[in-house]
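Working notes, structure below.
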Amino acid sequence: MPVLGIVRNPWEFYVSWYYHIWPRDIGKPFFSWLTDDCKEHFEGAIRNALNLGVDRDRLEALIERLPDAVDYRTRNIPNITKDSIRQVRDTGVGYYTFRFNQLFGNANEVFFCRQERLRADLINFLENINAANDEIRSYILKSEKKNTAEHEHYSAYYTPELAELVSIRDRFVIDRFGYVFERLGNHRNAAA
């Protein structure tokens, strides 16, 4: 069976992810660890996420807070357990690459849609497996965007040092998909 995955520019991912979990997950174990119990905001929290695979002491503190198993009966679960997060120890990768590897493994047999061109890539995937028709194409192209957020272009949230740290920790995903850090002025990004 064909496997479909979605990939996103790591710099954009961290902005969207942080602002998605920030209001919703305050007080939950992962968010508390990420933000040092809400003392850190975007820059500090993302630095913690990026250093997931290099900072053994912080990783051990996170492992202590995580559940042994995922409780799929609850909403907004992190899908991270003690055993799964142990796999990132000493890898040098950031949170996004860790999750990418966790979801897709070596990903050789996965067809990836890029978030920034999701509609066109999804149609291409369906055409490749002979599952596209005019009705499906029309629905994909004309349907309303879902799960959107309003925030500045991702580059507005990064210091040069933090942007460089993403390029180091998430190098695997960046190189594989050819992502680059684009610094844009006051561009508004409506699809997070």
Subject >> Filter pass, Val15 being in contact (Cβ under 8 Å) with a residue 24 or more places away in the chain, under 23 Å from Phe172 (Cβ atoms) and surrounded by fewer than 20 Cβ atoms within 10 Å (Cβ to Cβ) >> reply: no
Original post:
Exactly one of (1) charged (D, E, K, R); (2) at pLDDT below 95; (3) surrounded by fewer than 17 Cβ atoms within 10 Å (Cβ to Cβ) is unmet by Arg119. Its number?
Top reply: (2)
Original post:
For segment 69-111, which residues satisfy the criterion of being modelled with pLDDT under 90, loosely packed, with under 14 Cβ neighbours inside 10 Å and of a type outside the set (A, V, I, L, M)?
Top reply: Asp71, Tyr72, Arg73, Thr74, Arg75, Asn76, Asn79, Gly105, Asn106, Asn108, Glu109
Original post:
For segment 1-31, how many residues are touching a Leu at 6+ places or on another chain (Cβ under 8 Å) and of a type in the set (Gly, Ala, Ser)?
Top reply: 1
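The values are calculated or read from the model by the stated rules, or taken from the named source; none is laboratory data. Not measured: the values here are computed from a predicted model. FYI the Cβ positions are ideal-geometry reconstructions off the backbone, even for glycines, and counts take in every protein chain you see.
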